[in-house]
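*Asks:* Sending over a structure as structure tokens; questions will come in a sec.
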Amino acid sequence: MATSNIKDTIQCDIHTLWAIVTAVDNYTWRSDLSKTKVLNEKQFIEYTKKDYPTTFTVTMIEPFKRWEFDMENSRIKGHWIGIFTQKDQETEIDFTETVMAKKFFLRPFVKSYLRKQQAQFVSDLKKALL
């Protein structure tokens with residue numbers, strides 16, 4: 001099992017940032033996705049640019065503070081925790097992802113994959129706010 005964490009401060013108020021991150025049906029700011037599909041209030045699917053699906057199941061919501069979900073596809077299974085903290089006119093984000101590769105040969109690559117995905121997510125988020 002691999003765990004990766006990214007922390008950053010975003011030049012944005014917490015309400016706007018929360019709205020962008022949690023609006024899974026508005027994925028256009030994400031450079032890694034081709035589409036999303038909302039299944040119900042607690043589940044959604046994200047599709048990569050190559051149409052590879054990952055299913056997400058929301059496990060906790062504390063509006064403007066914490067968002068958690070389980071995620072799974074044919075290659076990985078894991079959990080994501082997003083913590084949002086208002087700091088004056090900025091928002092501190094603290095995202096932790098714990099993932100287990102389902103296939104033995106993928107295990108050595110999981111941590112670097114997580115770090116790359118997290119960095120891309122934060123980069124896309126900052127661009128969306130410009």
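*Asks:* Enumerate the pairs (first residue in the stretch 104-123 and at positive phi and aromatic (Phe, Trp, Tyr); second residue anywhere and surrounded by 13 or more Cβ atoms within 10 Å (Cβ to Cβ) and outside any helix (DSSP H, G or I)) with beta-carbon separation below 8 Å, excluding pairs fewer than 6 apart on the same chain, so at least 6 apart or on different chains.
*Replies:* From residues that are at positive phi and aromatic (Phe, Trp, Tyr), there are no pairs.
*Asks:* Go through the stretch 88-130 residue by residue and tally those that are open to solvent by less than 50 Å² (accessible area, probe 1.4 Å), of a type outside the set (Gly, Ala, Ser), in a helix (DSSP H, G or I) and under 24 Å from residue 64 (Cβ atoms).
*Replies:* Here the count works out to 5.
*Asks:* For residue 103, are the conditions met, namely being charged (D, E, K, R), at pLDDT below 95 and out of contact with any helix residue (DSSP H, G or I) (no Cβ under 7 Å at 6 or more places or on another chain)?
*Replies:* yes
*Asks:* In addition: For residue 85, work out the one condition from (1) without any contact (Cβ under 8 Å) to a residue 40 or more places away in the chain; (2) of a type outside the set (A, V, I, L, M, F, W, C); (3) out of contact with any His (no Cβ under 9 Å at 6 or more places or on another chain); (4) not in a helix (DSSP H, G or I) it doesn't fulfil.
*Replies:* So residue 85 meets the others, but not (1).
*Asks:* Ok, one more. Any idea how many residues of the stretch 1-46 are open to solvent by less than 80 Å² (accessible area, probe 1.4 Å), in a strand (DSSP E or B) and over 19 Å from residue 73 (Cα atoms)?
*Replies:* Matching residues across the stretch 1-46 total 5.
*Asks:* Take the stretch 16-56 and flag every residue that is closer than 22 Å to residue 130 by Cα, free of Cβ contacts under 8 Å to residues at least 60 places away in the same chain and acidic (Asp, Glu).
*Replies:* 25, the sole residue that qualifies.
*Asks:* Let me ask something else about it. Take the stretch 47-62 and flag every residue that is open to solvent by 60 Å² or more (accessible area, probe 1.4 Å), out of contact with any Lys or Arg (no Cβ under 7 Å at 6 or more places or on another chain) and not in a loop (DSSP other than H, G, I, E, B).
*Replies:* Start the filter on the stretch 47-62 by keeping residues that are open to solvent by 60 Å² or more (accessible area, probe 1.4 Å), which leaves 49-51, 59-62.
Pick out the ones that are also out of contact with any Lys or Arg (no Cβ under 7 Å at 6 or more places or on another chain) and you get 49-51, 59, 61-62.
Correct list: 59, 61, 62.
The values are calculated or read from the model by the stated rules, or taken from the named source; none is laboratory data. Here the structure is a predicted model, which is why all the values come from computation and not from measurement. No Cβ is skipped: glycine too gets one built from the backbone with ideal geometry, and neighbour counts run over all protein chains shown. Protein only, heavy atoms only, side chains kept; ligands, DNA and RNA dropped before computing areas. Shrake-Rupley method; radii C 1.70, N 1.55, O 1.52, S 1.80 Å.
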